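Please read the structure below before turning to the comments.
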Amino acid sequence: MDALDMNLLLALDALLDTNSVTQAAERLHTSAPAMSRTLARLRRVLGDPLLVRAGRTLVPTPRALELRYEVGVLVQQGRALLTPRGALDPTTLKRSYAVRAGDAVLGELATPLLTAVRAQAPGVTLHFLPDSLEGGAALRDGRVDLEVGVIDQTDPETVVARVIGDRVIGVAAPEHQLSTERVTVARFAAAAHLSVSRIGRARGPIDDRLALHGRTRRVVATVPNLTTALLAVRSGDVVCPAPAGLTASTLAALGLRAFEIPLPLPEVTIAMAWHPRNTADNGHRWLRELVRTALTRITDPAKGKPP
């Protein structure tokens, strides 16, 4: 329905509610002659006189009486759709959210996010999905509501917001040389390395920094996720890089040791991505705030408050 049709619907509602051209005009802040012309148009469109003269007043026709309730409901629904929503009450929310995240992020995010959702919005269901190579396609078609992690593939239609920055550390078994001795560039380069990459990429920023020192490392294997890498480190003589904050509790649980890599490495940026259609949605904004709070507390508990 275009703007002109909507205007006709509003005029029809006012006319049928007041049975008066003058009062309908006052309600819609227009002139009586203009409302008379609108009534004439409505009569042509609907093929019915709608309001007919009875002495000094207008009375509705049977067709007008039939339309009165339906038109009133349509106008109310239209106004409700065009009225900004008030503050969200999570306790009344009945909704499902699909959250996609890599294993490193999901391991730290799932528990606090689920706890917060259960406490604030018991009618909400969370679907945690594994990371994938789909990029923005799943966000665009609605299969994923929110992506959380290292967003390295962006879509022109995707909104990306930084959440936290984590630093890169090395991980080794307790008995490994890099856990028991001072870590130098030479000792670090000489170790057997695992590379964590969904697409099997062995080279990364570590190799670029080692090259500045005239050194190379040997990557003995690539694995698609950090969990696999940490389990391999636990049972062998290999080392791997990891984000410090996101893996702190996991390293403690697995009995692994963290060591400082003696190279200046870029931060690991953890971000959220979503489709623009969800930007202004109160329910989606509420979820984003919960995710931000949960992840911020990992790196700085004092800052883990909703924005």
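Annotation: G142 fulfils all but one of (1) exposed (fewer than 12 other Cβ atoms within 10 Å of the Cβ); (2) touching a strand residue (DSSP E or B) at 6+ places or on another chain (Cβ under 8 Å); (3) more than 23 Å from T228 (Cβ to Cβ); the unmet one is (2). For D89, the conditions (1) surrounded by 14 or more Cβ atoms within 10 Å (Cβ to Cβ); (2) within 30 Å of I270 (Cβ to Cβ); (3) among the acidic types (D, E) all hold with the exception of (1). Name every residue in the stretch 114-152 that is in a helix (DSSP H, G or I) and at pLDDT below 90, in order of residue number. Correct list: A137, A138, L139, R140. Pick from T111, T38, T30, T83: which is at pLDDT 90 or above, part of a loop (DSSP other than H, G, I, E, B), of a type outside the set (D, E, K, R) and under 47 Å from the mean Cα position of the chain (by Cα)? Answer to the check: T30. Quick one: is V105 β-branched (V, I, T), in a strand (DSSP E or B), in contact with a strand residue (DSSP E or B) (Cβ under 6 Å, 6 or more places away or on another chain) and surrounded by 18 or more Cβ atoms within 10 Å (Cβ to Cβ)? So V105 fails the test. Any residue at all in the stretch 221-242 that is over 16 Å from H193 (Cα atoms) and either free of Cβ contacts under 8 Å to residues at least 24 places away in the same chain or assigned to a helix (DSSP H, G or I) (or both)? Within the stretch 221-242 (the criterion being over 16 Å from H193 (Cα atoms) and either free of Cβ contacts under 8 Å to residues at least 24 places away in the same chain or assigned to a helix (DSSP H, G or I) (or both)), the answer is no, since none of the residues qualifies. The residue pairs whose first member lies in the stretch 91-109 and is under 18 Å from R198 (Cα atoms), whose second member is surrounded by fewer than 18 Cβ atoms within 10 Å (Cβ to Cβ) and polar (S, T, N, Q), and whose beta carbons are closer than 6 Å, counting only pairs six or more residues apart or on different chains, are D103/N225. From the list T222, T250, the one residue that fits, being open to solvent by 40 Å² or more (accessible area, probe 1.4 Å) and either among the basic types (K, R) or closer than 30 Å to R288 by Cα (or both), is T250.
The values are calculated or read from the model by the stated rules, or taken from the named source; none is laboratory data. Treat the numbers as computed from the prediction; the structure is a model and nothing was measured. So basically every Cβ, Gly included, is an ideal-geometry build from the backbone, and we count neighbours across all protein chains shown. These area figures cover heavy atoms from the full protein model, side chains too; ligands, DNA and RNA do not enter into them. Shrake-Rupley method; radii C 1.70, N 1.55, O 1.52, S 1.80 Å.
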